[in-house]
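Here, each number is a calculation from the coordinates, and none is a lab measurement. Quick caveat: nothing in here was measured; it's all calculated off a predicted structure. Every residue, glycine as well, gets a Cβ built from its backbone with ideal geometry; the counts of neighbours run over all protein chains shown.
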Amino acid sequence: MEQREKALVTGASSGIGKETARLLAEKGFKVIAVARRKERLEELARENPNIEPKPLDLSNSETLEEFCQELLHAPEPVNVLINNAGFSIRGVLEDVPLASIRALFEVNLFALIRVTQACLPGMRRQRKGTIVNLSSIVGKFPFPTSGPYAATKHAVEAISDALRHEVRPFGIRVVTIRPGVIATEFNEKANQLTGDLFSRTDPDYKPFYQAYGAGMAKLFSNVTIPGPELIANLILKVVLSDSPRAVYAAGPFVDELLEQRLHLTDDEFFELMAEKTGLKGLRL
Ligand SMILES: NC(=O)c1ccc[n+]([C@@H]2O[C@H](COP(=O)([O-])OP(=O)(O)OC[C@H]3O[C@@H](n4cnc5c(N)ncnc54)[C@H](OP(=O)(O)O)[C@@H]3O)[C@@H](O)[C@H]2O)c1
């Protein structure tokens with residue numbers, strides 16, 4: 001690296017973001033590590049002095065804006081932005097409170113947009129920069145019971161696709177990453193936030209949840225779930241590449257579902273998903 005570049009990684013207290021912050025710091029980037037859990041960030045910073053902890057709740061519009069103003073007025077611009085912070089909640093649409101869906105969009109989409117807006121002026125001044133947005137395989141198709149989460153990732157895809165055109169003339173690269181299922185705290189947190197849906201859903205939906213649960217158990221039965229290093233290494237490769245592609249995908253279900261989604265008709269894919277998720281013959 002000719003000069004010491006500055007990277008910003010959101011969601012750096014665990015999983016993919018933590019591994020990415022580590023790898024970038026090892027490569028010599030000065031890394032601003034954002035997440036709510038301060039102790040986790042401080043522990044990470046003790047591993048490598050290139051990491052600067054920045055405890056922040058991205059869902060709080062006031063603190064988010066303060067941080068964005070800091071970014072806008074910082075003497076050294078962010079050269080590499082990894083928009084990674086995100087979470088999920090589950091349930092059939094009738095079971096998910098609108099407030100929970102709004103909270104999901106605040107972090108997975110609106111904070112991503114605002115932080116990006118705050119980094120772009122510095123990148124434009126330098127006529128270079130890399131923005132990596134964490135989508136998901138569900139950025140292209142939803143699983144039943146996670147429509148709102150998939151909606152945030154579909155929105156991330158759309159924002160990324162438009163932005164890629166808008167900023168390429170300034171030498172800024174926008175790359176979308178679509179992980180399959182990855183072993184992090186993500187799943188456990190989604191379960192915690194969702195709570196026991198089965199006990200509070202309408203009795204009408206109970207057989208649905210049962211069939212879907214059995215279908216998903218079967219779908220996952222032969223799957224080896226990789227750790228976050230798979231995606232962190234991919235992100236590092238993107239950042240260091242002279243000419244990264246627009247989109248990368250890695251992990252389970254990329255070939256089995258994402259590739260199918262990109263090639264089948266809507267009706268064909270709907271039937272494939274019904275079969276894969278155990279819902280094909282279900283009539284209630
Ligand atoms: N794991 C998967 O299977 C998978 C698959 C596809 C895509 N993804 C995407 O990959 C990204 C990383 O997920 P992961 O698997 O690494 O999950 P994770 O281990 O749960 O990490 C999520 C990170 O986001 C941060 N975060 C959540 N809410 C926040 C808030 N309000 N303010 C600031 N930071 C917040 C968390 O930090 P704090 O809790 O400390 O705030 C944590 O550092 C997410 O965008 C996710 O949607 C994951």
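How far is helix 266-276 tilted, in degrees, relative to the longest principal axis of the Cα atoms in the chain, given as a value from 0 to 90 rounded to the nearest 10?
In the chain, helix 266-276 runs at an angle near 70 degrees to the longest axis.
Restricting to the chain, what percent of DSSP beta bridges are antiparallel, rounded to 5? If you can, show how the numbers build up before the last one.
On the way: 0 of 27 bridges.
The antiparallel proportion sits near 0 percent.
How far is helix 206-220 tilted, in degrees, relative to the longest principal axis of the Cα atoms in the chain, given as a value from 0 to 90 rounded to the nearest 10?
It is inclined by approximately 60 degrees.
Which value results when the Cα radius of gyration for the chain is divided by 2.2 N^0.38 Å? Numbers along the way, then the final one.
Values: Rg = 19.4 Å, N = 284, 2.2 N^0.38 = 18.8 Å.
Computed over Cα atoms of the chain, the ratio equals 1.03.
If the only charges are +1 at each Lys and Arg Cβ and -1 at each Asp and Glu Cβ, what is the size of the charge dipole of the chain around the Cα centre, to the nearest 20 debye? All intermediate terms of the calculation are to be shown ahead of the outcome.
Details: 35 positive and 36 negative charges, 124 e Å.
Rounded to the nearest 20 debye, it is 600 debye.
Set the Förster distance to 25 Å, then compute FRET efficiency between residue 264 and residue 165 from the Cβ-Cβ distance, nearest 0.05.
Numbers: r = 27 Å, r/R0 = 1.08.
After rounding, the FRET efficiency stands at 0.40.
Taking the 0 to 90 degree range and rounding to the nearest ten, how far is the long axis of helix 38-47 tilted relative to the main principal axis of the chain, both from C-alpha atoms?
Its long axis makes an angle of about 60 degrees.
For residue 51, which sequence-distant residues (separation of 5 or more, or a different chain) have an amide H within less than 5 Å of its own amide H, given hydrogens modelled in the peptide plane?
Those lying under 5 Å, H to H, from residue 51 are 31.
Using all alpha carbons of region 1-121, what is the percent of pairwise distances in each 5 Å bin, ordered from the shortest bin to the longest?
Pair shares across the bins are 2, 12, 21, 22, 19, 12, 6, 4, 2, 1, 0.
Please give the FRET efficiency for residue 217 paired with residue 188, using the beta carbon to beta carbon distance and R0 = 30 Å, rounded to the nearest 0.05. Display every interim value, and only then the final one.
Numbers: r = 17 Å, r/R0 = 0.57.
Between residue 217 and residue 188 the formula returns 0.95.
Using the alpha-carbon centroid of each, what span in Å lies between region 234-248 and region 120-157?
Answer, in whole Å: 15.
Which one, 195, 139, 100, projects farthest toward the positive side of the charge dipole computed for region 57-216 from Cβ point charges (K/R +1, D/E -1)?
Value: 139.
Convert each backbone phi in region 128-144 into a coupling constant with the Karplus relation 6.51 cos²θ - 1.76 cosθ + 1.60 (shift: θ = phi - 60°), then list the ³J(HN,Hα) values in order as whole Hz, x for Gly and Pro.
6, x, 10, 10, 10, 9, 7, 9, 5, 4, 7, x, 10, 7, x, 8, x
Where the Cα atoms of region 92-233 are projected onto their three principal axes, how long is each span, largest first, in whole Å?
Largest first, region 92-233 extends 57, 35, 22 Å along its Cα principal axes.
Can you show me the helix-derived [θ] at 222 nm for the chain, built from DSSP H runs with n ≥ 4 at -39,500 (n - 2.57) apiece and divided by the number of residues, rounded to the nearest 500. It would help to have the intermediate numbers written out before the result.
Numbers: 12 runs with 135 residues, N = 284.
Theoretical 222 nm ellipticity from helices: -14500 deg cm²/dmol.
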